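A.B. asks: I have a structure here, written as structure tokens, and I will follow up with some questions on it.
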Amino acid sequence: MGYWGYLVAAKSDVPLDTLPELSTFGDDYVRIEPLQDGWQQAWVAGAEENPLTGARILAKATGHSVIAALILDSDCGPIAAATPSDEIWTATLAKSTAIDTYQMPDDGMTAPAATASFALWAQSTGLPADHDLALQALDPDATSPEGLFSLLLEATGIRPTRR
């Protein structure tokens, strides 16, 4: 059995688990990991089924962009990003599995189109967008959504802290 819950990346001056808005994703904080440049990644056992709802709320609370994915049994999941000014982006990680196994509706967006819209969202936030990494992460036949989430973060220059 894989991971069921949220991966949330947000920039904040305080630990994410001290912000009441993080509970929009759920109340069971599995762990919070520091990333570079004030970013943090939270693993949250989720209650809300739409990552965009929580991303919008948390972006307004932190004053920074947020990227969130609902991971379904480490198989696939919807992903969304928002800015405090409500610039948004949505897609699906491991989209083929989401459609075939979880009967999620097909949004009709190709991987290149999702990558292009992701790049536009990242640009609106002042983050870089590595096209090749984003395209790899949004490949519909890719697997391991936790790794795909990390790959999207890497595409925007958000990386783990050096140990």
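A.B. asks: How much of the calculated P(r) for the range 58-111 lies past 14 Å, in percent of all Cα pairs?
C.D. replies: Value for the range 58-111: 55 percent of Cα pairs lie more than 14 Å apart.
A.B. asks: So if I place +1 on the C-beta of Lys and Arg and -1 on the C-beta of Asp and Glu, and nothing else carries charge, what would the dipole magnitude of the range 9-94 be about its Cα centre? I want it in debye, nearest 20.
C.D. replies: 200
A.B. asks: Under 1.5 on a/c is rounded, so check that first for the range 1-60, then, if it is not, pick prolate when a/b is larger than b/c and oblate when it is not; a ≥ b ≥ c are the square roots of the alpha carbon gyration tensor eigenvalues.
C.D. replies: It is oblate, given that a/c is not under 1.5 and a/b is not larger than b/c.
A.B. asks: Once you sort the root eigenvalues of the Cα gyration tensor of the range 1-133 as a ≥ b ≥ c, which label holds: rounded (a/c under 1.5), prolate (a/b larger than b/c) or oblate (the other case)?
C.D. replies: Since a/c reaches 1.5 but b/c is at least a/b, the shape of the range 1-133 is classed as oblate.
A.B. asks: Identify, among Gly5, Pro15, Leu148, the residue whose Cα sits farthest towards the positive end of the charge dipole of the chain, taking +1 on the Cβ of Lys and Arg and -1 on the Cβ of Asp and Glu, with the dipole about the Cα centre.
C.D. replies: Pro15
A.B. asks: Ok, one more. How large is the accessible surface per residue of the chain, computed with a 1.4 Å probe and reported in Å² as a whole number?
C.D. replies: In whole numbers, the chain has 47 Å² accessible per residue.
A.B. asks: What 222 nm value per residue comes from the helices of the chain, counting each DSSP H run with n ≥ 4 as -39,500 (n - 2.57) and dividing by all residues, nearest 500 deg cm²/dmol?
C.D. replies: Only helices count here, giving -9500 deg cm²/dmol.
A.B. asks: While we're looking at this one, here's another question. 5 Å is the cut-off here: which amide hydrogens, built 1.01 Å from N in the peptide plane, fall below it relative to Trp4, excluding neighbours closer than 5 in sequence?
C.D. replies: Here Asp73 satisfy the definition.
A.B. asks: So, one more: Please give the length that would be gained between Arg159 and Thr53 if that part of the chain were fully extended, namely 0.36 nm times their separation in residues minus their C-alpha to C-alpha distance (nm, one decimal).
C.D. replies: 35.7 nm
A.B. asks: In addition: Assuming a ≥ b ≥ c are the square roots of the Cα gyration tensor eigenvalues, decide whether the range 83-163 counts as rounded (a/c under 1.5), prolate (otherwise, with a/b larger than b/c) or oblate.
C.D. replies: Cα axes put the range 83-163 in the oblate bin.
A.B. asks: Mean-square fluctuation check for the chain, GNM, Cα pairs under 10 Å: which of Pro20, Pro112, Pro145 is largest?
C.D. replies: Comparing Pro20, Pro112, Pro145 in a Gaussian network model of the chain, the most mobile one is Pro20.
A.B. asks: Which FRET efficiency, nearest 0.05, do Ile99 and Met1 yield, Cβ-Cβ r, R0 22 Å?
C.D. replies: That pair, Ile99 with Met1, gives E of 0.55.
The values are calculated or read from the model by the stated rules, or taken from the named source; none is laboratory data. What you see is a predicted model; the values in this text were computed from it and never measured. Ideal geometry is used to build each Cβ from the backbone, glycine not excepted, and the neighbour counts take in all protein chains shown. Remember, those area values only see protein heavy atoms, side chains included, never the ligands or the DNA or RNA. Shrake-Rupley method; radii C 1.70, N 1.55, O 1.52, S 1.80 Å.
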